[in-house]
Structures are given as structure tokens and as C-alpha cells.
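Report on the structure given below.
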Amino acid sequence: MGISQRFAYVLLFLSCWSAIEAEYVKYKDPKRPLNVRLDDLLSRMTLHEKMAQMAQIERKNATADVLEKYSIGSVLSEGGSTPAPQASAKAWVDMINEMQKAALSSRLGIPIIYGIDAVHGHNTVYNATIFPHNIGLGATRYAEIQDGAAAESYSEDPTLVELMTEIIPGLQGDLPQNSLKGVPYVAGRTKVAACAKHYVGDGGTHLGINENNTITNFHGLLSVHMPPYYHAIIKGVSTVMVSYSSWNGKKMHANHYLLTDFLKNKLRFRGFIISDYQGIDRITTPPGVNYTYSLQDAVLAGIDMIMIPYDYPQFFESFIELVDKKVIPISRIDDAVRRILRVKFSMGLFENPFGDYSLADEIGKQVCRLKKKIEKYLFIFV
């Protein structure tokens, strides 16, 4: 073999070896410990990619170009937002899989997490089984209801709401015996990430007015409004959504003590905190009058993912400005992104990012209808 041939062979060998090395990255290896995967992925991310994980946009905005270009972390369906009228399960899977393909085409290939209100069943999937509203279940026990968003809670009695946190293992799966308190857990592809909302005091607002002010001392907040969240966190809930309401005049979306000092540090919640729909906009009066200020307050308070849902260019513009001015530290961004990625890893999204068409056949099965009838009779006689 001549010198030139040997040289070419060495170059070929090195290029092949480099390709093998490039293909293996720790964060894509499910055999690696979770924290190793998190550290590896975070170390590879640019500031823009980190900010993008903190953004949730409405599905109407979530074109392939936007998802790939911006590396958006999450997509949601606002109320009534569906891929088509009477959309089937297959139509939903088709839509989300196309979004996922675009997300996986981005530089790091981080999958999106899709969010939707399914408080009493996934009612925007045609022919899905729908259950009684939460308040309907709670009203079998107590006649008086005071709650601004009444349909979304089980009761004004925190003891009953504590009991109803059993829905979390139903959605996410039963926690392994050795699971650490506060760490999110989702048991495989047939389970989903649950969200506890609306944190905290949403059901105690003055005169029961939605998005109003909850007036109580710290003892009252802990004894009446907080207990269901203790149980939710112990059961490994993946996400917590913040309330539009205030506590003694302080907007929950800007409450550093309750979001960071208490929920994250005291209760050791390790999932991520998400805003409500345009929730950070409502920090100011009127809403949205100073978006940069609202974003600053919300992120520094401890909110990890912002439900934007439309004006994502403004989100990025304001966020970059706040980082450049050193108002929001990188450490706060890293904490938020680590929490979001932890949930994505726990859901198995990096290994199985696409919807499973075989599960679409489960929608509307007779066994689901039978369960619904049984629950109807239980509902009557409880």
C-alpha cells in the first residue's frame, strides 16, 4: 500500500470513528442516569434553545418552520382548538406527530410536550369517554360551592380534594417504592403527565369571584388551600399550574415565596411550574401593558414554562433583553429548563416521541362505556 493510500485509509478511519462518536450522545442514551442525561443536554444548549424550552405556544402557531427554527418546547390546544371538527383520535395523532417530526429536526432534537385541558376526559377527541365534571363529583357530598373556576375543582372541602388526588396515579401510573418525594414519574406510553392546578388559593377568592383576591393569613393558606398539593407532590405529579388569583393582594404569577421558597424548596417539588393561559400578562393592570416587566416578575418568581400562547416573538425579544441586562440570571433559566427536561425524560419522550396509532382503537370501546355507566350509578348513590 502506497503512502497516499495509507493516508487516505487513515483519514477514512478517522472520519468513520468521528461519525460514530458524533452519533453517541449521553442525553439520548436511556441507560444513562437521569441527571447525567440532564447535565449533558443542558451543556449543549444555547441560550435561545433554553428559552425556547420555556415557551408554550398555541397549536395554530406550531408550524413545522416555527417548531424547527425556534426549537419550541411545548404546544397547547386552547379551549376548543382542534385539528378538525369532530376530530378523531387518529387526526390528533397525525397532527401531533407532524409537530414532533419538526421538533426532532431541530439541532438537538428535543421533543415537544403537548398540553391540553382534559379535566373530565379528553372531550375534544370525537367519541371519547367523558366523565362528570370535578365539581359534579364533589357536589354529591356538599351542596355549597364557592370557587371562581368551580367546574375544575372537586369541592370547597380540602379533605375531599386530597382524596381526589388519587387521579394522579391513575393518569401517571403508580410510583415505584423507591421513588423520591417530589420527583415526577410517568409509567410508560399509556400514561400521561398530570397537572395540579390552580396553585394556590384559587378556590378561596373574595366573594368567589374568578381571578380575584384570596384574603387569609399564612396559617389559613396552609391549612385550607395547600393540603391537596402536599398529596399531589407526594404522588409524583409532573406539573403545577399557577392561579390567576392573588393572595392578600400579591399576584400568584409573581409570588416568589409561594412558587420558589415554598413549592420548590420547602415541598421539594421537582417537576415544572407552568403559567395559566396568558397568565403572566395579567400581572399588570391592564393585562399586557408591560410584557417585559411581567415576564421578568414571572420567571424570577419561579415559573418555568410560559403559556404564551400567540406572541412568541415578543416572548423571545423580551427574554433576550432581560438576560442581556442581567436581570434574569442564567442559573434561573437552567433551573427551569432542567425541570422541563426532567419531565420529558420521565415521560420517555426522547425514546418514544410519537403517538401510538394502536391506542386510537381504545377510544369509545364498550368497556369504557360500561365503566361510565357504573360511575353514573355510583354518582347517584354516593
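The values are calculated or read from the model by the stated rules, or taken from the named source; none is laboratory data. Keep in mind that what you see is a predicted model, and the values were worked out from it rather than measured. Quick reminder, even Gly has a Cβ in these numbers, built from the backbone with ideal geometry, and neighbours come from all protein chains shown. With ligands, DNA and RNA removed, areas are computed over all heavy atoms of the protein, side chains included. Shrake-Rupley method; radii C 1.70, N 1.55, O 1.52, S 1.80 Å.
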Being open to solvent by 90 Å² or more (accessible area, probe 1.4 Å) and at pLDDT 95 or above narrows LYS50, LYS60, LYS69, LYS26 down to just LYS60
Considering the range 190-231, residues that are within 17 Å of the chain's Cα centre (by Cα) and assigned to a strand (DSSP E or B), and then whichever is surrounded by the most Cβ atoms within 10 Å (Cβ to Cβ), we arrive at TYR199
| task | Test LEU349 against the stated conditions and say whether it is modelled with pLDDT of 90 or more, surrounded by 15 or more Cβ atoms within 10 Å (Cβ to Cβ) and farther than 16 Å from GLY73 by Cβ. | result | no
Scanning the range 162-189 residue by residue, those assigned to a helix (DSSP H, G or I), open to solvent by 30 Å² or more (accessible area, probe 1.4 Å) and touching a residue at least 12 places away in the same chain (Cβ under 8 Å) turn out to be GLU162, MET164, ILE167, LEU171
Within the range 352-373, the residues that are at pLDDT below 95 and either open to solvent by less than 30 Å² (accessible area, probe 1.4 Å) or in contact with a Lys or Arg (Cβ under 7 Å, 6 or more places away or on another chain) (or both) are ASP356, TYR357, ALA360, GLY364
Of all helices (runs of 4 or more DSSP H) fully inside the range 39-112, the set with 1 or more residues that are within 24 Å of TYR357 (Cα to Cα) is 64-70, 89-104
A careful count of residues in the range 317-333 that are open to solvent by less than 10 Å² (accessible area, probe 1.4 Å) and either among the hydrophobic types (A, V, I, L, M, F, W, C) or touching a Gly at 6+ places or on another chain (Cβ under 8 Å) (or both) gives 4
When the range 280-305 is checked residue by residue, the ones that are in a helix (DSSP H, G or I) and open to solvent by less than 20 Å² (accessible area, probe 1.4 Å) are ILE280, SER294, LEU295, ALA298, VAL299, ALA301
For the range 235-248, pairs from a residue that is without any contact (Cβ under 8 Å) to a residue 12 or more places away in the chain to a residue that is surrounded by fewer than 22 Cβ atoms within 10 Å (Cβ to Cβ) and of a type in the set (A, V, I, L, M), with Cβ under 9 Å and 6 or more apart or across chains, are none
Only unsatisfied item for ILE234, checking (1) open to solvent by less than 20 Å² (accessible area, probe 1.4 Å); (2) modelled with pLDDT of 95 or more; (3) over 16 Å from ASP157 (Cα atoms), is (1)
Output for Cβ contacts, cut-off 8 Å, separation at least six or different chains, first residue touching a residue at least 60 places away in the same chain (Cβ under 8 Å) in the range 50-79, second open to solvent by 10 Å² or more (accessible area, probe 1.4 Å) and basic (Lys, Arg), reads LEU76/ARG59
Checked the range 119-139 for anything open to solvent by less than 50 Å² (accessible area, probe 1.4 Å), polar (S, T, N, Q) and part of a loop (DSSP other than H, G, I, E, B); matches are THR124, THR129
Scanning the range 263-279 residue by residue, those hydrophobic (A, V, I, L, M, F, W, C) and either closer than 16 Å to GLN56 by Cβ or part of a helix (DSSP H, G or I) (or both) turn out to be LEU263, PHE272, ILE273, ILE274
Exactly one of ARG268, ARG339 is under 19 Å from the mean Cα position of the chain (by Cα) and surrounded by fewer than 21 Cβ atoms within 10 Å (Cβ to Cβ), and that residue is ARG268
Only unsatisfied item for TRP247, checking (1) under 25 Å from ARG338 (Cβ atoms); (2) aromatic (Phe, Trp, Tyr); (3) in contact with a helix residue (DSSP H, G or I) (Cβ under 8 Å, 6 or more places away or on another chain), is (1)
Scanning the range 21-63 residue by residue, the ones that are within 20 Å of the chain's Cα centre (by Cα), more than 22 Å from ALA102 (Cβ to Cβ) and of a type in the set (Asp, Glu) total 0
